[in-house]
1. Rounded to the nearest Å, what's the spacing between the alpha carbon centres of segment 143-198 and segment 93-138? Just the number, please.
2. Heavy atoms only, probe 1.4 angstrom, no DNA, RNA or ligands counted: give me R336, R174 ranked by accessible area, highest first.
3. Can you tell me the length gained on complete extension of the stretch K109 to N264, counting 0.36 nm per residue apart and subtracting the Cα distance?
4. How big is the accessible area of F271 in square angstrom, nearest 10, if you roll a 1.4 angstrom probe over the protein chains?
5. How big is the accessible area of D115 in square angstrom, nearest 10, if you roll a 1.4 angstrom probe over the protein chains?
6. Tell me the label-point distance for the pair W14, E52, using the 7 Å Cα-to-Cβ offset, in nm and rounded to one decimal.
7. Suppose accessible area is computed on protein heavy atoms with a 1.4 Å probe; arrange W14, W168 from highest to lowest.
8. Given a cut-off of under 8 Å on Cα pairs at least six residues apart, what relative contact order in percent is computed for the chain?
Amino acid sequence: MKTENKVSLEQVLWSREKRVATQKELLEKYPGTLICFMLNIPGPEKVNELFEKVFYEGLEKIQNKLETEKISTEVRLVQENITGYEGYLVVKADGCQVKKLMIALEETKIGRLYDIDVLEKENTKISRNDLGFPERKCLLCDNPACQCGRSRKHSIEELRKKIYGIIWEEQLQRGVAAEISQALMEEVYTTPKPGLVDREDTGAHTDMNCQTFQKSTEAIVEDLAAMFEAGYSWEADPETLFPLLRERGKKTEEKMFAATGGVNTHKGIIFTIGILAAAAGISLRNYGKIESESVCRISLEMTKKELEQDLRKLKQSSGITHGEKIYCHLGEKGVRGLAMTGYPILCELTVPHMKQYIANNRDKNQINVQIILEIIAELTDTNVISRTSEKEMRWLQTEAKAILKAGGAFSENGLQKVRELNQICIRKNMSPGGAADLLAATIFLCRMETLMERLKSIIQYYK
């Protein structure tokens with residue numbers, strides 16, 4: 001663990017006096033409402049790389065909150081002292097309104113570490129009690145924080161362990177959100193793809209493009225990361241989590257449609273990545289690591305019972321969605337079948353292949369084109385069937401296999417053949433959306449396996 005700087009009581013008292021003077025100076029020079037932001041870090045060690053990261057991310061959240069409410073920042077000042085990081089923002093807005101916004105930030109999980117004061121003219125601080133809000137709770141119990149602080153009910157070690165745990169979980173979720181966003185957009189930008197939106201054209205689609213997928217991704221990524229967090233914090237059997245994920249998924253779909261103007265960009269991926277993200281959270285919690293094999297196995301345990309019940313009920317109906325109608329008429333289980341069998345195409349084919357291609361230093365875009373060809377060649381893609389027919393889907397599989405046999409995406413000739421196939425798919429209104437979802441899932445799982453390495457600078461504090 002990195003050695004931290006320890007501060008003395010004298011330094012803390014000096015810092016407090018200096019902070020009051022800074023607040024007074026700013027309010028006199030720039031009339032308005034002043035926000036003073038710090039971190040609640042007990043003990044004599046206030047500064048390290050992790051606390052710095054949390055501070056600046058918190059400052060960014062404050063700025064974003066203000067911008068969302070169309071509140072302009074007149075002055076922004078940051079001071080980095082051995083006694084901690086301090087941020088000052090002077091804004092033109094009603095102090096009570098600003099305080100309510102800051103309280104909302106403080107009530108989030110990571111916000112429990114934020115200390116955000118709001119002051120008006122003559123250095124008058126607006127308190128929670130002034131607005132009818134209860135006092136802040138202790139990090140470790142339900143008592144008021146100030147009460148536990150005065151009585152020293154909890155040791156510094158207990159409090160700091162809790163703080164590092166909160167930071168770890170928040171940074172972990174941010175990391176997962178970044179991996180999901182990367183996977184979704186990397187799939188879209190993979191070029192060329194047959195019948196799908198990419199950097200060159202919109203494939204067989206007339207209602208969406210790369211920008212549509214960007215808007216959709218931004219709308220759903222936090223929800224999908226929250227599904228990982230749900231798995232990470234789940235203590236019961238995995239199958240008991242799945243119904244909750246499905247309900248959350250419906251709300252996520254609503255956000256997607258709102259962002260895209262009713263266009264279905266990610267309905268399938270919400271289902272697939274939602275399950276895989278939650279399973280990855282369970283895997284990390286139970287085994288301390290994320291490996292594709294365990295994620296896929298947990299996915300099976302999570303979904304098998306309920307999805308089997310779904311299919312039994314569908315047998316007695318004609319189906320509502322395209323996928324349900326295909327199951328009723330052809331017996332193809334689609335995304336349900338993949339989930340309830342533990343995504344064998346991912347853990348047995350695409351993830352091992354992608355990892356091998358990466359180890360061989362292949363071009364990233366070519367890797368992704370190669371993987372989607374391998375998926376198309378093997379997958380019974382109900383998206384293709386719903387837009388054309390089962391016969392056309394089999395034809396597409398044969399075409400993908402022929403391109404792979406001729407060298408695949410790792411040759412100019414292979415890439416040209418994919419472009420030619422794309423033009424045929426456009427004419428036939430054929431789009432292998434199921435394959436696209438599994439490409440994104442493959443990218444996601446590969447990146448999740450190496451996520452802990454990218455978070456190692458945080459782990460050293462958490463451990």
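1. 23 Å
2. R174, R336
3. 52.6 nm
4. Here the accessible area works out near 50 Å².
5. Using a 1.4 Å probe on the heavy atoms, I get roughly 50 Å².
6. A separation of 2.1 nm, rounded to one decimal place.
7. Ranked list, largest accessible area first: W14, W168.
8. The normalised contact order for the chain reaches 15 percent.
The values are calculated or read from the model by the stated rules, or taken from the named source; none is laboratory data. Everything quoted here is computed from the prediction, not taken from an experiment. Heads up, the Cβs are rebuilt from the backbone with ideal geometry, glycines too, and the neighbour counts pull from every protein chain shown. Ligands, DNA and RNA are stripped out before the accessible areas are found, and what is left, the full protein with its side chains, is counted by its heavy atoms. Shrake-Rupley method; radii C 1.70, N 1.55, O 1.52, S 1.80 Å.
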